[in-house]
Amino acid sequence: MAAFKETKFPADAPAAQKALGWVDDRFPLTKLWNDQWGKYYAPKNFNFWYIFGSLAMLVLVLQIVTGIFLTMHYKPDAGLAFASVEYIMREVPWGWLVRYMHSTGASAFFIIVYLHMTRGLMYGSYRKPRELIWLFGFAIFLCLMAEAFFGYLLPWGQMSYWGAQVIVNLFGAIPLIGPDLSLWIRGDYVVSDATLNRFFAFHVIAIPLVLLGLVAAHLIALHEVGSSNPDGIEVKENLGADGHPVDSIPSHPYYTVHDLFGVSVFLTIFSAVVFFAPEMGGYFLEYNNFLPGDSMKTPPHIAPTWYFTAFYSVLRATTSDFLWVLMAGIAGYTAFLWLKSKLSGMVKIAVSVIALLMIVGMLPGALDAKFWGVVFFGGSVVILAFLPWLDHSPVKSIRYRPDWHKYVYAGLAIAFVALGYLGTQPPSPVGTIIAQIATLYYFSFFLLMPWWSEMGTFKKVPDRVVFHAH
Amino acid sequence: MIFSKKLLALLALVPALAFANEGGYPLDKAPDRSHNMAALQNGAKLFVNYCLNCHNASSMRYNRLRDLGLTEEQIKNNLLFTGEKVGEMMTTAMPAKDAKVWFGTVPPDLSVIARAKATPSNSGSDYLYTYLRTFYKDENRPTGFNNMVLPNAAMPHVLWELQGVQAAKFEEVEDPHEHGKKVHKFAGFEQVTKGTMTKLEYDTAVADIVGYMEWMAEPAAQKRKQLGVWVLIFMSIFATLAWRLNASYWKEVK
């Protein structure tokens, strides 16, 4: 550790330069900027899909800022909440704009994050050495879901109220502790003022704090190992004379102006929604939510907001008939693991024990379908975390995978969108069967990935990134 | 009672098509009043005269009606009846407890009802416009009226003096779902007693009320759209500049 040394500037040096020097001697401001962005070298072949990281950051800031202003006028009180939102919409100067930005921002956040994750999936961004980036990102996704869920209760409309009621009741499906657990979460026998107050606390402070920490970790990890790219080539393996990767460019100014353009396009679309279709046909703001929450009136059709419906569909697809299919699937998968997997015997035995317990638990008279619905609902989210270890493909990017892999990925996209759509609709016999097929496909995609991802003829990955000068 | 049960059964069987609603009655399209100040003012007058006797619009301040081109003086002289101040909220003098006894339910707050009644296939205005025009005589109901859109509505036909009394005609037809079974099918209204308004006048008046309710559900809506045009113009200029700025930097990346 060197002794402290004050940087000396000539007497006629600009004041700003002196001030920066003074700060840099005491805090690594310039270093931080250069490491994280200014001289952070990123591959030059980023395409359209690489815009969503910075857009997610923008929307996060937008949500925090608009959220702070909403908190100034919102009343977290079951008797006042609904009216206070209308107060914001009418009496608070520009309140309607801030509220619409916040409600539209919530949906925009999920659209962006889903596209950001799609990018990761397509180009293998989660592969070694970026596993931790993916895990931090996964944790951010969980926080975002919690944040959205807690926040959705706050307007205290019918959909807020009954959506929260349904989701909290899901915990009641857990054997033994379930009913007490959901009572503990609600703080009352039904969703009530106590629930609203704690959800408010989680929404405005607890979750955002964790979220910000995770975002910082996500970015630090990314800037430590460096960004991947659409070719899935490690650009750091090919350094130029200046010590920087030959296929990389400094983020500033190149990706600064690039992201600025992306931001301008995004904000144009965002403004179009905020100013001309803030309800977005009942998807961003549900019509039923303009009725105050009423514990005595159950709406005929309760659906979570659109960004949860894919996972919610998995829950609904888990009917008692479907448990037989799942049992067969689990048994088949375990047998397959013994025959084909390179995993150690201990792991195989552990998996077999879990599989056996699950099958026994699914037998008639054991745990009911609702419980298993909750398990698979959770599982459909959690399984994403394991991607870095499930993907065994010799190449990272979809560009150099066998062509038929693209259909496998397209199938996942179709299954996810189908689940998402069906989750917004009231249940129907045909819809349930489609959701069950999509659920099977969704889980098979991930659970069988260690095998299918290394099958087929892979294309040769070039030494340099594919880049066409503009 | 039996009749209304039959009616309910009938309504449940009407296929839920595009313009269908909970009652199954096809909704009429409400005329657009959003740019017609005179109509909105008339709607406000009718709303204050008829609806506010029982309903609240507790998020709506009387003096916000200035947005509809009324002066504070006009609001005070024409729309305030029970000594409210012009800066007060539109609340009813009827206690909720009494309402519960008289109607079996507390009349809903109407501040945002036009937004709440929208569905993906119809606007809230369509619902309200059809609802207020399809009350018909039904001696089995405590109010003496029933409604096509909201069967067994608890609300009395408050506008009956204006519309007059109409009866609903039903005819027996073959059940489309069950062969050999007859069901009642709605076959139009029949005027029993004349109101103070003609049918056309009444439809216009209801359209004005509903137009006002649509406005009241989001008083900032017009301003939002006007501002939106400017924001989008600005954003497209900004996006164009950002696009060219980006291109000029990336030109040098080989």
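Key figures
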quantity: When the convex hull of its Cα atoms is projected in every direction, mean area for region B:131-254 (nm²); calculated: 16.3
quantity: Per DSSP, loop trypsin sites (Lys or Arg not before Pro) in region A:218-322 with at most 12 further Cβ within 10 Å; calculated: A:Lys297
quantity: Volume per residue that the Cα convex hull of region A:28-95 spans, once the total is divided by residue count, Å³; calculated: 157
quantity: Exposure proxy order (Cβ contacts within 10 Å, fewest to most) of A:Ser84, A:Ser344, B:Ser34; calculated: A:Ser344, B:Ser34, A:Ser84
quantity: Electrostatic dipole magnitude of chain A [Cβ: Lys, Arg +1; Asp, Glu -1; Cα centre; debye, to 20]; calculated: 900
quantity: Span-like helix ranges in chain B, DSSP H, alpha carbon extent 15 angstrom or more, Kyte mean at least 0.5; calculated: B:2-13
quantity: Part-to-part distance (alpha-carbon centres) for region A:426-465 and region A:191-219, which is given in Å; calculated: 33
quantity: Long-range Cα-Cα pairs in the protein assembly as shown (distance over 49 Å), rounded percent; calculated: 30
quantity: Kirkwood hydrodynamic radius over Cα pairs of region A:251-366, then Stokes diffusion coefficient at 4 °C and 1.567 mPa s, in µm²/s; calculated: 65
quantity: Mean-position separation - Cα centroids, region B:49-125 and region A:142-160, in angstrom; calculated: 29
quantity: Values of log10 I(q)/I(0), in the order q = 0.28 Å⁻¹, for region A:117-156 under a Debye, Cα-only, solvent-free model; calculated: -0.88
quantity: Cα-Cα over 28 Å, subset of B:Lys76/B:Lys100; B:Lys100/B:Lys225; A:Lys75/A:Lys370; B:Lys45/B:Lys85; B:Lys76/B:Lys137; A:Lys5/A:Lys44; calculated: B:Lys76/B:Lys100; B:Lys100/B:Lys225; A:Lys75/A:Lys370; B:Lys76/B:Lys137; A:Lys5/A:Lys44
quantity: Those lysines that a straight Cα-Cα span of less than 23 Å connects to A:Lys8, excepting residues fewer than 8 apart in one chain; calculated: A:Lys18, A:Lys31
quantity: Kyte-Doolittle mean at least 0.0, axial Cα span of 15 Å or more - DSSP H helices of chain A; calculated: A:52-71, A:95-123, A:131-153, A:158-170, A:207-225, A:256-276, A:320-340, A:345-362, A:369-382, A:403-424, A:429-447
quantity: For A:Asp368, B:Asp208, order by how many other beta-carbon atoms lie within 10 Å, fewest first; calculated: A:Asp368, B:Asp208
quantity: Centre separation in Å (Cα based) which lies between region A:352-371 and region A:284-340; calculated: 18
quantity: Residues with amide H under 5 Å from that of B:Phe170, placed H, sequence gap 5 or more; calculated: B:Ala187
quantity: Radius 11 Å from Cβ of A:Gly67, net charge of other residues (Lys, Arg +1; Asp, Glu -1); calculated: 0
quantity: Local net charge near A:Ala303, Cβ-Cβ under 12 Å (Lys/Arg +1, Asp/Glu -1); calculated: 0
quantity: Translational D in µm²/s for region B:87-154 (Stokes-Einstein at 37 °C, 0.692 mPa s, Kirkwood Rh from C-alpha pairs); calculated: 238
quantity: Chain B: translational diffusion in µm²/s, Stokes-Einstein, Kirkwood Rh over Cα pairs, 37 °C, 0.692 mPa s; calculated: 156
quantity: Region A:280-343: C-alpha pair distances exceeding 19 Å, %; calculated: 60
quantity: From the C-alpha gyration tensor of region A:350-414, square roots of 5λ in Å; calculated: 33, 14, 11
quantity: Contour excess over end-to-end distance, with Cα ends at A:Met72 and A:Thr268 and 0.36 nm allotted per residue; calculated: 67.8 nm
quantity: Selection from B:Gln166, B:Val229, B:Ala96 lying farthest towards where the dipole of chain B points positive, charges on Cβ; calculated: B:Val229
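No lab work stands behind these numbers, since they all come straight from the coordinates. Computed from a predicted model, the values in this text were never measured in an experiment. Please note: Cβ atoms are built from the backbone with ideal geometry, for glycine as well, and neighbour counts cover all protein chains shown.
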